[in-house]
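Notes for the one structure printed next.
Just so you know, all these numbers are worked out from the coordinates, no wet-lab data involved. This one's a predicted model, so the numbers in the text were calculated from it and none came from an experiment. Positions of Cβ are backbone-derived with ideal geometry, glycine not excepted, and every protein chain shown enters the neighbour counts.
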Amino acid sequence: MNIEEDVEKWLLDEDILREMKYDENADFHFIVEFPKENIMDVVKPKGKDCIIIACATQVAPQHQDLMRSADAKTNKNFIMDLNVGLSQFLVDFELQINQNILHQFVITEQIFEDGLTKDRLFTTLKRVFKAKLHCIWLIDINFVNADIAPQNENDMFI
């Protein structure tokens, strides 16, 4: 079994492989678009028996400005909610926070070679993406739409 060939084939089969990137620290490094318009990395670090699925996201300057204008308690609660929520996704994450303002977040998950299947790869891609969405939605809830009261609490139901 050649892991690089298998992973490349699976990514091509599902039409999400966008680029093969040279990386001196990796046996292979694929850039994928999953789902549409979301870029992620699939990397096998040199000397490791796993692949890493990663998604890095910069927080937009306008969202950082909203965080700066929010009170300290809102920012502190947001960071706590972010940590708790991401932990529930069972992914690894790194938050770049400066003065209680989130600047960037990186979400990763690893799959060891002995558990690598097409199903496991795509389940992991989905979980990493859903964790990213969780971060975006928390920003939206806490800062973008924080002052907008719902017109009807049942708006989400038909």
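Using the beta-carbon distance between residue 3 and residue 39 and R0 = 22 Å, what value does 1/(1 + (r/R0)^6) give for FRET efficiency, to the nearest 0.05? After rounding, the FRET efficiency stands at 0.50. Helix content alone sets the calculated 222 nm mean residue ellipticity of the chain: runs of n ≥ 4 DSSP H residues at -39500 (n - 2.57) each, divided across all residues, give -12000 deg cm²/dmol.
Using a Gaussian network model of the chain in which every pair of alpha carbons under 10 angstrom is joined by a spring, one finds that among 74, 57, 108 the greatest mean-square fluctuation is at 74. Note the listed values (1) 48; (2) 52; (3) 39, then indicate which one is percent of Cα pairs over 21 Å apart calculated from this particular structure. Among (1) 48; (2) 52; (3) 39, the one derived from this structure is (2). For segment 15-116, the set of GluC sites (Glu not before Pro) satisfying both a DSSP loop assignment and a count of at most 16 other C-beta atoms within 10 Å is given as 24, 37. Each part reduced to its alpha carbon centroid, segment 95-123 and segment 1-38 end up 16 Å apart.
For each pair in 9/76; 21/76; 44/73; 44/130; 44/76, compute the distance between the two Cα atoms and list the pairs where it is over 32 Å. Those over the limit are 9/76; 21/76; 44/73; 44/76.
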